[in-house]
Amino acid sequence: EVQLVESGGGLVQAGGSLRLSCAASGFTLDDYPIGWFRQAPGKEREGVSCISSSDGSTFYADSVKGRFTISSDNAKNTVYLQMNSLKPEDTAVYYCAAGCAVVAGTVMIALPYGDNYWGKGTLVTVSS
């Protein structure tokens, strides 16, 4: 069964860095583009980044462009999100999901996959 598990969240000071991991199982990274999403308290879910391992294409939301880097390691079947220059506004639960696409300049989920196509999330807290 398709499963994604996030890790790497934690508490960090503004200006610091974290690297999130999304370990995939039940499929390979060539099967689905993998996206990172986040949801801050009281706010809508936001698409952060999307990577297609099959062609190497990446996309970033304007809010994180230049600070975050998405990458994949096919041998480990894992997608990473390197987050640098973190701001308090980055505080959120971060989720990875299979099946992302860029629609009208926004990272979204292209198809109505089941709940198992999302991880359970990892909390990132950036203090000032």
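Report the net charge of residues surrounding residue 53, where surrounding means a beta-carbon distance below 11 angstrom and charges are Lys +1, Arg +1, Asp -1, Glu -1. Neighbourhood net charge equals -4.
Leaving out ligands, DNA and RNA, what percent of the accessible area of the chain is carbon and sulfur, probe 1.4 Å?
Answer for the chain: carbon and sulfur cover 49 percent of the accessible area.
Largest mean-square fluctuation among 113, 95, 32, in a Gaussian network model of the chain whose springs join Cα atoms under 10 Å apart, belongs to 113.
Take the Cβ-Cβ distance between residue 101 and residue 3 as r, set R0 to 22 Å, and report the resulting FRET efficiency rounded to the nearest 0.05. Mind dumping the intermediate values first?
Values: r = 21 Å, r/R0 = 0.94.
That gives a FRET efficiency of 0.60.
Each residue of the range 57-69 is assigned a 3J(HN,Hα), and the resulting list reads 6, 9, 8, 10, 5, 4, 5, 10, 4, x, 10, 9, 9 Hz, derived from the Karplus form 6.51 cos²θ - 1.76 cosθ + 1.60 (θ = phi - 60°), x at Gly and Pro. What you get for the chain, charging only the Cβ of Lys and Arg (+1) and of Asp and Glu (-1), is a dipole of about 380 debye around the Cα centre.
Over the chain, what is the mean sequence separation of C-alpha contacts under 8 Å (at least six apart), divided by residue count, expressed as relative contact order in percent?
On the way: 327 pairs, mean separation 45.3, N = 128.
That works out to 35 percent.
Each principal axis of the Cα cloud of the chain was taken in turn, and the coordinate range along them, longest first, works out to 39, 31, 26 Å.
Using the heavy atoms of the protein chains and a 1.4 angstrom probe, tell me the accessible area per residue for the chain in square angstrom.
Numbers: 6480 Å² over 128 residues.
Accessible area per residue, the chain: 51 Å².
Under 16 Å of direct C-alpha separation, and excluding same-chain neighbours fewer than eight residues apart, residue 120 reaches these aspartates and glutamates: 1, 6, 46.
The values are calculated or read from the model by the stated rules, or taken from the named source; none is laboratory data. Because the structure is predicted, anything quoted here is derived from the model rather than measured. Don't worry about glycine lacking a Cβ; one is built from the backbone with ideal geometry, like all the others, and counts go over all protein chains shown. Ligands, DNA and RNA are stripped out before the accessible areas are found, and what is left, the full protein with its side chains, is counted by its heavy atoms. Shrake-Rupley method; radii C 1.70, N 1.55, O 1.52, S 1.80 Å.
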